[in-house]
Amino acid sequence: VFVGDGPAVGPAAVAALHGATVHVTACQPFSHQEGMCCKLAEAALLASGIMRQSRGAFDWAYFMDDDAYVRPDAMASHLAHQAPNAGSGLILGIFGCTTDACQDGLCGGGGYAANAKAV
């Protein structure tokens, strides 16, 4: 599922989805500040709902920007080798981004994977 400002428009855009769907948010479009936080929150809520409804069919969700390069087979292989995290969630990503209010935060550019307990 892709989360974004609008639906895929035109045959080439629809074909590029390879059967995936687009969830159009109610967030401020084309915003890299509050709109981005809103989109990430909607994506997390959507992933949580899909994971709950699928009853174990999905162990991980991967959150990323539209300009990240991902090798799905390599990602799946790496995540399959992660030890189950007993009782707590696990997030794999690039940590170290900071603001005045948040030290050692999760950087968004490369994306991050979150297991079902974390989502």
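Any idea which of (1) more than 14 Å from the chain's Cα centre (by Cα); (2) among the β-branched types (Val, Ile, Thr); (3) open to solvent by less than 80 Å² (accessible area, probe 1.4 Å) is the one Val9 doesn't satisfy?
Among (1) more than 14 Å from the chain's Cα centre (by Cα); (2) among the β-branched types (Val, Ile, Thr); (3) open to solvent by less than 80 Å² (accessible area, probe 1.4 Å), the lone unmet condition for Val9 is (3).
Take the residues in the range 1-21 that are of a type outside the set (Phe, Trp, Tyr) and part of a strand (DSSP E or B); name whichever of them is farthest from Val119 (Cα to Cα).
Gly4
Here is a yes/no grid of residues against (1) touching a residue at least 12 places away in the same chain (Cβ under 8 Å); (2) within 14 Å of Asp65 (Cα to Cα):
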{"site": "Val3", "(1), (2)": "yes, yes"}
{"site": "Val9", "(1), (2)": "no, no"}
{"site": "Ala13", "(1), (2)": "no, no"}
{"site": "Ala16", "(1), (2)": "no, no"}
{"site": "Gly19", "(1), (2)": "no, no"}
{"site": "His23", "(1), (2)": "yes, no"}
{"site": "Gln28", "(1), (2)": "no, no"}
{"site": "Ser31", "(1), (2)": "no, yes"}
{"site": "Leu40", "(1), (2)": "yes, yes"}
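Can you pull out the residues in the range 76-98 that are under 17 Å from the mean Cα position of the chain (by Cα) and modelled with pLDDT of 85 or more? Steps first, answer last, please.
As a first pass, look at the range 76-98 and keep what is under 17 Å from the mean Cα position of the chain (by Cα): 76, 78-79, 89-95.
Result: Ala76, His78, Leu79, Gly89, Leu90, Ile91, Leu92, Gly93.
Yes/no per residue for (1) out of contact with any Pro (no Cβ under 8 Å at 6 or more places or on another chain); (2) at pLDDT 80 or above; (3) of a type in the set (S, T, N, Q); (4) over 16 Å from Ala41 (Cα atoms):
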position	(1), (2), (3), (4)
Gln53	yes, yes, yes, yes
Phe63	yes, yes, no, no
Tyr69	yes, yes, no, yes
Gln103	yes, no, yes, yes
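Under 6 Å between Cβ atoms, at least 6 apart or on separate chains: pull out the pairs that start in the range 50-75 with a residue that is among the aliphatic types (A, V, I, L, M) and end on any residue that is surrounded by 12 or more Cβ atoms within 10 Å (Cβ to Cβ).
Cβ pairs passing all conditions: Met51/Phe58; Met51/Ala116; Met51/Val119; Ala61/Ala47; Ala61/Ala114; Ala61/Val119; Met64/Gly111; Ala68/Gly111.
What tally of residues in the range 105-119 results from selecting those that are part of a loop (DSSP other than H, G, I, E, B), modelled with pLDDT under 80 and either out of contact with any helix residue (DSSP H, G or I) (no Cβ under 9 Å at 6 or more places or on another chain) or under 20 Å from Ser54 (Cβ atoms) (or both)?
Qualifying residue count, the range 105-119: 1.
Read through the list (1) out of contact with any Cys (no Cβ under 8 Å at 6 or more places or on another chain); (2) surrounded by 16 or more Cβ atoms within 10 Å (Cβ to Cβ); (3) in contact (Cβ under 8 Å) with a residue 60 or more places away in the chain, then give the number of the only condition that Gly108 fails.
Only one criterion is unmet by Gly108, namely (1).
Return the total of residues in the range 22-78 being closer than 16 Å to Asn115 by Cα, assigned to a loop (DSSP other than H, G, I, E, B) and open to solvent by 40 Å² or more (accessible area, probe 1.4 Å).
6
The values are calculated or read from the model by the stated rules, or taken from the named source; none is laboratory data. Keep in mind that what you see is a predicted model, and the values were worked out from it rather than measured. Here the Cβ is made from the backbone with ideal geometry for all residues, glycine too, and neighbour counts use every protein chain on show. Ligands, DNA and RNA are excluded from the accessible area calculation, which covers all protein heavy atoms including side chains. Shrake-Rupley method; radii C 1.70, N 1.55, O 1.52, S 1.80 Å.
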